[in-house]
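I have placed the structure first, in the form of structure tokens, so that the comments after it can refer back to it.
The values are calculated or read from the model by the stated rules, or taken from the named source; none is laboratory data. Keep in mind the model is a prediction, meaning the values are calculated, not measured. No Cβ is skipped: glycine too gets one built from the backbone with ideal geometry, and neighbour counts run over all protein chains shown. All accessible areas refer to the heavy atoms of the entire protein, side chains included, with ligands and DNA or RNA removed. Shrake-Rupley method; radii C 1.70, N 1.55, O 1.52, S 1.80 Å.
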Amino acid sequence: MQIGISATLPAQNLHVFHARRASFKCRQPSPLNPLTKPNPSSQNPASSTEFTRQHLSNLENLLQIKTQPDPVENKGRGLLEGLNLSRIWPETKAAEEMSPRHLNRLKRLLSKTMEYSPRNNLGSRWREYHGCNDWSGLLDPLDENLRREVVRYGEFVQAAYHGFHSNPAMSTDKAPLPRHVALPDRSYKVTKSLYATSSIGLPEWVDDVAPNLGWMTQRSSWIGFVAVCDDKREIQRMGRRDIVIALRGTATCMEWAENLRAQLVPMSESDDPTQKVECGFLSLHKTRGAYVPSLAESVVEEVKRLIEAYKGETLSTTITGHSLGAALSLLVADEISTCASQVPPIAVFSFGGPRVGNKGFVNRLNEKNVKVLRVVNGQDLITRVPGVFIGEGSKQQEEKKRKNNGFKKIFDTTDDNNPWAYSHVGTELRVDTKMSPYLKPDADVACCHDLEAYLHLVDGYLSSNCPFRSNAKRSLVKLVHDQKSNMKQLYTHRGLSLNLERDRLRVPIPSCLPSPSS
């Protein structure tokens, strides 16, 4: 294969290339061609050109790069850009625009070998990032350390999804065996599996009519895990030992059935009858299975054990979930907030969560000092239910309350007695699918509620005035694979040209989120 230097570089850069090539001396045998020994005494330009050609040829063969002409770009630049020779001969460039025409940028975003960013030391500020001040001053613009922490907790939820789908079925004759969970952060270890059980079940004749429904109709299902940080360096970086409770979203028929039981009911452990939560969520939280305890019992038992095991250390409890898991996270936070005499600070990081209770429940969590950061996609319909037309869902009511005290008393009375008067909890971090340069503005409901789409939007979010930052670094591979129909065609076509399907089968999808400082 013959490669002409003049054919691979623009004419205006030839003098730069020759000047740098003249000063470049290969002092060691090339790792790409160890049998070739460069002669340092040779000054023959033709010989130097041959060495360069040989190295480029070997490098191209080693990386197995297939270059294709790009009608938009300068065709001659394709090879050197694909080989990333800027690491050898860097040159100053103007900042790239947020445009799909930049092949290098797209290749980085579609790459599975993402660089690991430095984890900034949270030190004495960990309580602030954990929500002690309700994340005041950290959301607009979004603090880069908080962005990294939010996405990291979202990846724990992804691990819960993967853990369930890898083995969704449960035996109805015996207790489940411990299962392996591949965590995105190796400094944590899983200490407890969590199960949720529905209080309702399908009639017995369903199994006779449709015996192959399998795990879709089982009442108890693995829903998440408890993990604890077990790495000294990470504990020192975070300023405390962190306990994480991660919960996945809806996956079985019984869980969907519970989601539809949207009437508010009083909490059995509360002395205040005005504190109410959604019936279906409470059922999944409190119901025991045939061979597994309820989610509430499991979480309380494990958190109490960890508090005792690490007595004397600085601890925190972080609960994270998506969709149904986001709703259950609030009930779990309420449950463990009083499980011991000295409970570590509790924070909830939820993604795409629906409303869970009424204002009485909101006040209950506030009194217990449970901090909640809700990541909400403005296009996600799930975050607007239950109670779309009343309660917090009615902007007209809220406006009338502010303007008229008489209306305020009427609506407050209605909210206290209405079985559909729901309210959201905590602080909101709002993102929007329409602000992503990669997703279609009319993306469907599934995409707007997808957890990977949420993490993509959080990674790109900068501020309300600049919703998507130009240096967003999260890989697009999983998003292209899962939401291909909702991606702009240019990215799906370019993704196919980069053989994403082949790479997806051979290389694991990365979960690291580089911070803006890297």
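Among the residues of the range 229-241, none qualifies, meaning not one is more than 25 Å from GLY312 (Cβ to Cβ), of a type outside the set (Asp, Glu) and either open to solvent by 10 Å² or more (accessible area, probe 1.4 Å) or at pLDDT 95 or above (or both). Consider the range 483-493 and keep the residues that are among the polar types (S, T, N, Q) and part of a helix (DSSP H, G or I). The one that is modelled with the lowest pLDDT is THR492. Entry remark, the range 320-368: residues being farther than 25 Å from ALA251 by Cβ and in contact with a Pro (Cβ under 8 Å, 6 or more places away or on another chain) number 0 in total. Which residue pairs have Cβ atoms under 6 Å apart, sit 6 or more places apart or on different chains, and have a first residue in the range 138-167 that is over 16 Å from LYS478 (Cβ atoms) and a second that is of a type in the set (Lys, Arg) and not in a helix (DSSP H, G or I)? Note: pairs meeting the criteria are PHE164/ARG248.
Within the range 258-285, if we keep just the residues that are among the polar types (S, T, N, Q) and within 20 Å of VAL299 (Cα to Cα), the residue that is surrounded by the fewest Cβ atoms within 10 Å (Cβ to Cβ) turns out to be SER268. Every listed requirement among (1) surrounded by 14 or more Cβ atoms within 10 Å (Cβ to Cβ); (2) modelled with pLDDT of 90 or more; (3) not basic (Lys, Arg) is met by ALA446 save one, (1). Kindly evaluate ALA251 against the criterion of being open to solvent by less than 30 Å² (accessible area, probe 1.4 Å) and modelled with pLDDT under 95. Here the answer is yes, as ALA251 does meet what is asked.
How many residues does the range 374-390 hold that are part of a strand (DSSP E or B) and crowded, with 24+ Cβ neighbours inside 10 Å? Here the count works out to 2. Candidates are the residues of the range 353-396 that are among the small types (Gly, Ala, Ser) and over 24 Å from THR317 (Cα atoms); the one that is modelled with the highest pLDDT is GLY378.
Of all residues in the range 286-299, those being open to solvent by less than 10 Å² (accessible area, probe 1.4 Å), without any contact (Cβ under 8 Å) to a residue 60 or more places away in the chain and either outside any helix (DSSP H, G or I) or charged (D, E, K, R) (or both) number 0.
Across the range 467-482, what is the total count of residues that are open to solvent by 20 Å² or more (accessible area, probe 1.4 Å) and modelled with pLDDT of 85 or more? Residues that pass the stated criteria total 3. Restricting the search to helices (runs of 4 or more DSSP H) fully inside the range 95-199 and requiring at least 2 residues that are modelled with pLDDT under 85 gives 103-109.
Applying the condition of being in a strand (DSSP E or B) and either over 20 Å from the mean Cα position of the chain (by Cα) or of a type in the set (Gly, Ala, Ser) (or both) to the range 310-345 and asking which residue is surrounded by the most Cβ atoms within 10 Å (Cβ to Cβ) yields GLY321. Only one of the numbered conditions (1) assigned to a helix (DSSP H, G or I); (2) at pLDDT below 95 is not met by ILE307, and that is (2). Please work out if GLY249 is in a loop (DSSP other than H, G, I, E, B) and touching an Asp or Glu at 6+ places or on another chain (Cβ under 9 Å). Taking the combined requirement at face value, the residue satisfies it. Does GLU302 satisfy being assigned to a loop (DSSP other than H, G, I, E, B) and acidic (Asp, Glu)? When the stated conditions are applied, GLU302 does not pass them.
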